[in-house]
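Let me begin by presenting the structure, written as structure tokens, before commenting on it.
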């Protein structure tokens, strides 16, 4: 029997691609969105909002499993909003007796001081797992693909600035992953019994500094970025600087930069045995993101 899968955040960057892949694989997809009349993606749109718990019941009716792919990074109170939304989603999933929830969180060591963004991602994991429905968690760093805020910020910086005055966080190590691989892993954990209740770390084949990502993205576009690091450039000043030279709003920029002080790399590669396949390298991921942007008709 064909399973029905609910994808929350179906109109978002990750959710839209997950919904499309699931439809290709033969699942019946229920695309959860606040504005179903505007939805043009894969699956059957259903109106629901994680911030309105009373709206979730009909969306979960007849659903076998669900993807939780929403967060509130663009608001000052995103930690409390994320927690409230996760509680509502977990309660609706429990009432519907789902087989499992798949959640995309963030990489980062639990032993260190996590940024507010990453701390919120961990809190959502705990809230979802507090319910009776098994949760499969995937943790990722930057997902390189057209439409991802972190990637778009990288692209804009590498495109617009021949010389960058940067803070110390540009030397933080991260492990970016291509959009195609993130989607492959997210859909690959849906069925295996051994993935129920597990946490997996996902990333591309290279560990890079943020400045490496910027400079290599620039080179692929035939540009060159010189870097001058200023250790005293604070996260608040960095976010104001980003707002001046990119299209990222100030609140989102501040929350993102706060996370860039945390090293986010894969420590456990168990996912590569559950969902085998060669991962796409950073340079190729950048080319694919730029091609997708061109197909979407985005302004250069």
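Summary table below
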| item | result |
| --- | --- |
| Which listed residue, of 29, 23, is modelled with pLDDT of 95 or more, on the phi < 0 side of the Ramachandran plot and out of contact with any helix residue (DSSP H, G or I) (no Cβ under 9 Å at 6 or more places or on another chain) | 23 |
| Evaluation of residue 206 against (1) in contact with a strand residue (DSSP E or B) (Cβ under 8 Å, 6 or more places away or on another chain); (2) over 23 Å from residue 21 (Cα atoms); (3) part of a loop (DSSP other than H, G, I, E, B) (one fails), failing number | (1) |
| The range 185-198 - residue that is crowded, with 17+ Cβ neighbours inside 10 Å and not in a loop (DSSP other than H, G, I, E, B) and, of those, farthest from the chain's Cα centre (by Cα) | 195 |
| Some residue of the range 220-228 being at pLDDT 90 or above and either outside the structural domain of residue 114 (by TED's automatic domain parsing) or touching a strand residue (DSSP E or B) at 6+ places or on another chain (Cβ under 6 Å) (or both) | yes |
| Leading residue by the ranking (surrounded by the fewest Cβ atoms within 10 Å (Cβ to Cβ)) among those in the range 160-183 that are modelled with pLDDT under 95 and part of a loop (DSSP other than H, G, I, E, B) | 162 |
| Which numbered condition residue 105 fails, given (1) out of contact with any helix residue (DSSP H, G or I) (no Cβ under 8 Å at 6 or more places or on another chain); (2) closer than 25 Å to residue 260 by Cα | (1) |
| Only one of 214, 244 that is modelled with pLDDT under 90, assigned to a helix (DSSP H, G or I) and surrounded by fewer than 16 Cβ atoms within 10 Å (Cβ to Cβ) | 244 |
| Options 128, 157: the member that is touching a helix residue (DSSP H, G or I) at 6+ places or on another chain (Cβ under 7 Å), outside any loop (DSSP other than H, G, I, E, B), buried (at least 20 other Cβ atoms within 10 Å of the Cβ) and in the same structural domain as residue 105 (by TED's automatic domain parsing) | 128 |
| Any hit, the range 5-14, residues being on the phi > 0 side of the Ramachandran plot, buried (at least 18 other Cβ atoms within 10 Å of the Cβ) and under 22 Å from the mean Cα position of the chain (by Cα) | yes |
| Single condition residue 151 does not satisfy, out of (1) at pLDDT 90 or above; (2) more than 25 Å from residue 29 (Cα to Cα); (3) crowded, with 21+ Cβ neighbours inside 10 Å | (1) |
| Residues satisfying the stated conditions in the range 40-65, i.e. closer than 28 Å to residue 79 by Cβ and part of a loop (DSSP other than H, G, I, E, B) | 48, 49, 50, 51, 52, 63 |
| Test set (1) surrounded by fewer than 23 Cβ atoms within 10 Å (Cβ to Cβ); (2) under 30 Å from residue 287 (Cα atoms); (3) modelled with pLDDT under 95 - residue 142 fails condition number | (1) |
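The values are calculated or read from the model by the stated rules, or taken from the named source; none is laboratory data. These numbers were taken from a predicted model, which means no experiment stands behind them. Note: ideal-geometry Cβ built from the backbone for every residue, glycine included; neighbour counts use all protein chains shown.
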